[in-house]
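The structure appears right after this line, and notes come after that.
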Amino acid sequence: MTTPELTIPQTHPRVSATLWVGLVLVGLHVAIALLSLVWTPYDPLGMTGGRLEAPSWAHWAGTDRLGRDFFTQIMLGSQIALVVGAGAVAIGGAIGVTLGLLAAFASRWLDDALAATLDILIAFPTLLIAMLVVAASDEANLFTAILAIGIALSAIVARLTRILAKRVLLLDYITAARTSGTSWMGIVLIHVLPNIWPTLAVNFALQFGLAAIAEASLSYLGLGAPPPNASWGHLLQEAQGTVYTAPIGAFAPGLALVILVVGINLLADGLRDVADPTRSAQR
Amino acid sequence: MRPVLDIADLSIAANGKTLLDKVSLSIAPGERVGLIGESGSGKSLTALAAIGLLAPGLTATGAISLDGQDVIGASERSMVSLRGNVTATVFQEPLTALDPLQPVGRQIAEPLRRRLRRDGEAAGRTDVAAGVQNLLAQVALPDPLALSRRYPHELSGGQRQRVAIAMALACRPQLLIADEPTTALDVTTQAEILRLLAKLVADNGMALLFISHDLPVVARVVDRVVVMQHGVVVEAGPVGEVFSRPQHDYTRSLVAAARSFDGALEGAA
């Protein structure tokens, strides 16, 4: 009798289709943003065509009311969206994770105080907090927009971090680690952060999308990067007056924003599955 | 000889409610002590208090001395070094006692590296890796190299408990606290883990505090038992004496229950 050959199931996480679609959509934006650093179809400020032209082979997304190429401006806008998204998530993540961990480890009254403060902050719309921060600074520029959105997002990150960390801290393996003499810092770095990271990463991606939308909103209101920075929000605002005669002006930057946010969210979903070995094994 | 753990008149209260009342318990180096009682009798609480891990909101009075150092009122910093050096704990549920996101080898490496540094031994990558393999072999896990790369969810319950024991051994503690280590396991695995624990405790000259509600299990691994009920020690003594001539009503009922269960099993067989 021959022994049947056993196949051992692969434990490597399988990269899902979600992750691929997300990577392609986000990668497209990153590629366009990088390309626009060195090359754009036209001079973004030059009058390269008639006013409010419809899309054509020469002008893929038409021209604006000053005759500037719209696709060029959308390409440049992706730079701003990505920079603001990454910057705001970095600032919001750093502040939020620190505050959240502090609250999770703090004595009860400090935790209660922090939790209440966060709840109040979260009750304010992200955009409103961002507007307040911009209003408090001398001038609106790209950096104030990043800082404002980052601060506004940090409350959400902090609350999530606090809840996730508190839940992990209750588990036996934390007690086990403490009984074997692991210090608090060791517990945070070795056990808490890796265990809350998959959920946090998904949330960061979500925040990235929110930040891109918030930046567009701030720019739409004239509180973002000042012209001639071609933020998508600014493009939308400029296109508002001509939305009936040349709808492509509002449609194109909106579509760019939607593709970026959807791509980021899909990427986050896919990454979560890779980051969590217990999930990948179940598939 | 100075006891490894000496608890004297330990009382613990939460919001005015007494959870432990004047509990005293002493464990000499190398001694194996069983702590018996039903759920909620304060067994695990006593063990957590002994290593200074009481939940916030609980107040402890009395004296706890771990390797000659006071535990009650000690700073977290001094407790961190004391815990790994003197004690290590094996918990009831091995799945939750292991970090789900780390390969088990890395989880054993962490306390091992700390212990090697503490003892002034070489703690390079290869030293630690060799130590992990050695520990996995000590707890009788097959194919240590492959196993150390697995995640907890890829192991069986018995294997996980062996990994948890290996983590405890990595600290080379003077006192091993085993909190219901076999309760979550099936009977066959239970017997294997008990044999392993008894062997390791003897081989390494560790003291053992074995917490359980299961009399026959306790009787197999300890020299002396302490029986608790409602946060009070009701009886203590050598295991043979307590089980053959129980003095307290509660101990008597425990022994009778265990006997009738055995009787029922024999009757069925």
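Listed values, structure above:
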| item | result |
| --- | --- |
| Within 10 Å of each Cβ in B:92-99, the average number of Cβ atoms from other chains | 5 |
| Order of A:L255, A:L218 under a 10 Å beta carbon neighbour criterion, fewest first | A:L255, A:L218 |
| From the C-alpha gyration tensor of the protein assembly as shown, square roots of 5λ in Å | 62, 27, 19 |
| Relative contact order for the stretch B:1-123, counting Cα pairs under 8 Å that sit 6 or more residues apart, in percent | 24 percent |
| Calculated FRET efficiency for the pair A:I122/B:K22, C-beta based, R₀ 41 Å, to 0.05 | 0.30 |
| Charge dipole (debye, nearest 20) of the protein assembly as shown; +1 at Cβ of Lys and Arg, -1 at Cβ of Asp and Glu | 520 debye |
| Largest-first principal axis extents of the Cα set of the stretch B:96-158 (Å) | 35, 22, 16 |
| Order of B:E241, A:E139, A:E238 - criterion: other Cβ atoms within 10 Å of each residue's Cβ, fewest first | A:E139, B:E241, A:E238 |
| Scattering profile of chain A at q = 0.10, 0.11, 0.14, 0.16 Å⁻¹ [log10 I(q)/I(0), Debye over alpha-carbon scatterers] | -0.64, -0.74, -1.02, -1.20 |
| Rounded tilt (10° steps) of A:193-220 against the dominant C-alpha axis of chain A | 20 degrees |
| Pairwise FRET efficiency - B:A137 versus A:W109, Cβ, R0 = 51 Å, nearest 0.05 | 0.55 |
| Where labels lie 7 Å past Cα in the beta-carbon direction, separation of A:N141 and B:T188 in nm | 7.3 nm |
| Inter-site label distance for B:R118 and A:M185 at 7 Å from Cα along Cβ, in nm | 1.8 nm |
| Hull-based mean projected area of the stretch A:138-226, where the convex hull spans the alpha carbons, in square nanometres | 6.8 nm² |
| Beta bridges per DSSP with both ends in the protein assembly as shown, % antiparallel, nearest 5 | 55 percent |
| Charge dipole magnitude, Cβ of K and R +1, D and E -1 - the stretch A:118-198, Cα centre, debye nearest 20 | 400 debye |
| Kirkwood Rh, Cα atoms: Rg over Rh of chain B | 0.98 |
| Cross-link pairs beyond the 29 Å C-alpha cut-off, checked among B:K17/B:K199; A:K166/B:K17; B:K43/B:K199 | B:K17/B:K199 |
| Gyration tensor verdict on the stretch B:43-123 (Cα atoms; rounded if a/c is under 1.5, prolate if a/b is larger than b/c, oblate otherwise) | oblate |
| Neighbourhood net charge (12 Å Cβ-Cβ; Lys/Arg +1, Asp/Glu -1) for B:A258 | 0 |
| Histogram of C-alpha separations across the stretch A:169-282, 10 Å bin width, % | 13, 27, 22, 16, 13, 7, 2, 0 |
| Theoretical FRET efficiency, 1/(1+(r/R0)^6), r = Cβ-Cβ of B:M1 and B:S253, R0 35 Å, to 0.05 | 0.50 |
| Ranking of B:D21, B:D143 by count of other Cβ atoms within 10 Å, fewest first | B:D143, B:D21 |
| P(r) of the stretch A:88-197 over all Cα-Cα pairs, binned every 5 Å from zero, in whole percent | 2, 13, 19, 19, 16, 12, 8, 5, 3, 2, 0 |
| CD proxy at 222 nm, helix term only [per DSSP H run n ≥ 4: -39500 (n - 2.57); per residue of the protein assembly as shown; nearest 500] | -18500 deg cm²/dmol |
| Summed residue charge, Cβ within 10 Å of B:S81's Cβ, Lys/Arg positive, Asp/Glu negative | +4 |
| Radius 15 Å from Cβ of A:D64, net charge of other residues (Lys, Arg +1; Asp, Glu -1) | -1 |
| Contact order normalised by residue count of chain A, Cα under 8 Å, 6+ apart, percent | 28 percent |
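Any read-out appearing in this document is the output of simple, stated calculations on the displayed coordinates, not a laboratory observation. From a predicted model like this one, the values you see are computed outputs, not experimental measurements. Because the Cβ atoms are built from the backbone with ideal geometry, glycine has one as well, and the counts that use them run over all protein chains shown.
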